[in-house]
Structures are given as structure tokens and as C-alpha cells.
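Notes for the one structure printed next.
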Amino acid sequence: DHTHPPEETYLCMSRGEFTHGGSDWFEPGPGGSFYNSPGIMHAMRSGAEPLLAFWLLLAE
Ligand SMILES: [Fe+2]
């Protein structure tokens with residue numbers, strides 16, 4: 001689990017699971033994307049396969 005001031009967007013290139021803001025774990029899947037608002041608690045985990053994702057932190 002981690003948090004940071006910059007907002008963040010993920011673009012997933014593989015399977016893998018994420019949680020944010022106290023949500024259940026979810027899997028966007030290859031090509032899936034999601035957004036983390038500033039300061040939100042979030043985490044990621046792989047399964048049997050490696051997790052590959054691009055992400056962008058946007059600081060002011
Ligand atoms: Fe993050």
C-alpha cells in the first residue's frame with residue numbers, strides 16, 4: 001500500500017490486480033486503465049504472471 005500527492009493514471013499491458021481507496025482488488029486487464037486521485041491509498045500485485053504497466057504521475 002502506498003500514497004503520494006501527485007495524481008496517477010495506469011495503462012495495463014498484462015494481467016495483474018489493483019486496489020485503491022479501500023476498493024476490492026480489481027483487474028483492468030491488458031489495455032485497461034484507471035485513475036488514482038491525489039493522496040488515495042493504492043496497491044498492485046501480480047499473479048502467476050509478471051505484471052507490466054505504464055503509469056503517469058502528474059505533479060503540478
Ligand atoms: Fe502510486
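Does residue 51 satisfy being part of a strand (DSSP E or B) and within 14 Å of the ligand (Cβ to nearest atom)? Steps first, please.
On the way: part of a strand (DSSP E or B): no; within 14 Å of the ligand (Cβ to nearest atom): yes.
Against the criterion (part of a strand (DSSP E or B) and within 14 Å of the ligand (Cβ to nearest atom)), residue 51 does not qualify.
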Only one of 14, 37 that is touching an Asp or Glu at 6+ places or on another chain (Cβ under 8 Å), more than 17 Å from residue 57 (Cβ to Cβ) and either within 11 Å of the ligand (Cβ to nearest atom) or of a type outside the set (Asp, Glu) (or both)
14
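No lab work stands behind these numbers, since they all come straight from the coordinates. Note that the structure is predicted; figures quoted are calculated from it, not measured. Ideal geometry is used to build each Cβ from the backbone, glycine not excepted, and the neighbour counts take in all protein chains shown.
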